[in-house]
Amino acid sequence: MEKKNRILVLILSALLILSFGYIAYDKYFEWKQKKEFGIFQQGANFGYEQAIGQVYSIAIQCQQIPLMYQNQTINLVSVDCLKK
């Protein structure tokens, strides 16, 4: 009987350790995904700022800005330049 209790305690201890390991791994994976998403978001914001900055710097010089989307192209011109 005592031997069965020891085996039961060992099995339960092993399951407990495995459960803690799984929870720790899950939390680590979640933290890693949040970190990677934050880096991705920073890159997207940087790209957005760069694109808008380039469009603005061309538009302020009263030049046309060609924008392409899929198979279509339009030219943007600043309204202030049209008033001149």
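Quick notes
- Ser78, sole failed condition from (1) surrounded by 10 or more Cβ atoms within 10 Å (Cβ to Cβ); (2) free of Cβ contacts under 8 Å to residues at least 12 places away in the same chain: (2)
Quick grid of which residues meet (1) of a type in the set (Ser, Thr, Tyr); (2) part of a helix (DSSP H, G or I); (3) under 30 Å from Asp80 (Cα atoms):
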{"site": "Leu8", "(1), (2), (3)": "no, yes, no"}
{"site": "Ser19", "(1), (2), (3)": "yes, yes, no"}
{"site": "Gln33", "(1), (2), (3)": "no, yes, no"}
{"site": "Phe40", "(1), (2), (3)": "no, yes, no"}
{"site": "Gly53", "(1), (2), (3)": "no, yes, yes"}
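Here, each number is a calculation from the coordinates, and none is a lab measurement. Small disclaimer: the values here were computed from a predicted structure and weren't measured. Virtual Cβ from ideal backbone geometry, glycine too; neighbours counted across all protein chains shown.
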